[in-house]
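Have a look at the structure below, then the notes.
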Amino acid sequence: MNKAEKRNEARERERAPENAPDIAAKTPGEEEGDAVPVGAPLRLAAPEDYKRVIEAALLASPAPLTVTALRLLFEQEPGGDLVRRLLDELRADWDAAGRGVALAQTASGWRFQTRPEYQVYLDRLKNEKPPRYSRAVMETLAIVAYRQPVTRGDIEDIRGVAVSPGVLKTLESRGWIDVVGHRDTPGRPALFATTKRFLDDMGLRGLAELPALPEIERMMDLVDTANVEANAAAPAE
């Protein structure tokens, strides 16, 4: 290095601030141990953070989750009241967004489910057609739901006709009714009642939310109409 180069280097050092940071130095928050690795647990600093965890759990769960189950998500017990409040807020958030999915409370717990008005579109993705139930099946289900527990004889007395074993078997295989006991009379006939799965499939929290009887009758009329249209559309053998 000649004398001119040495003089230039000295001038550059004089111009630089004494405490100028090193370009290669790490900026604050990038020191070793400070960086948050990808996939690290969310730091729960506010109720909004708890709500996001609850939302993620409900979206990932294949079955409804109870408040008790949701409380197990956290190391520090948030309390049932807080979880319920956050669930109500989460439901309101999704409703306000106007999405095709809603947060609902059923007999088995809380779950996200598609809104009924979108079901007709989702059915097109299924290879199988949704099952069609006869009026006899629907009437039997309504009697069990509103008069439970009932025996097969009770159902026949109300309907005024004999109940085919296949009707009860259809409802049992669907998981909507089950035997809950036996009546203490000669022959000890089985007592039938609806199940939690029935309430979940109907989107109900309890039997108190069952629709009024006129609505059930309207549903039965729709079943009859659908069956008639399906038979008319079926190719003749």
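Relative to the current alpha-carbon distance between Ala208 and Arg188, full extension at 0.36 nm per residue lengthens the span by 4.3 nm.
Within the range 49-66, name every residue whose backbone N is under 16 Å away from a label modeled 7 Å from Cα of Ala92 along the Cβ vector. Inside the label zone: 49, 51-52.
Taking K and R as +1 and D and E as -1, what net charge do the other residues with C-beta under 10 Å from the C-beta of Ile158 add up to? So the environment of Ile158 carries a net charge of -2. The amide H of Trp110, built 1.01 Å from its N in the peptide plane, has Leu65, Thr66 as neighbours under 5 Å, considering only residues 5 or more places off or on other chains.
The GluC sites (Glu not before Pro) of the range 86-140 meeting both criteria, a DSSP state outside H, G, I, E and B (loop) and at most 13 other C-beta atoms within 10 angstrom of the site's C-beta, are Glu128.
Extension gain for Arg132-Arg147 works out to 3.0 nm (0.36 nm per residue, less the C-alpha to C-alpha distance).
Quick note: the coordinates plus some simple rules give every number you see, no bench work behind them. Small disclaimer: the values here were computed from a predicted structure and weren't measured. As a convention, Cβ positions derive from the backbone with ideal geometry for all residues, glycine included, and neighbour counts pool all protein chains shown.
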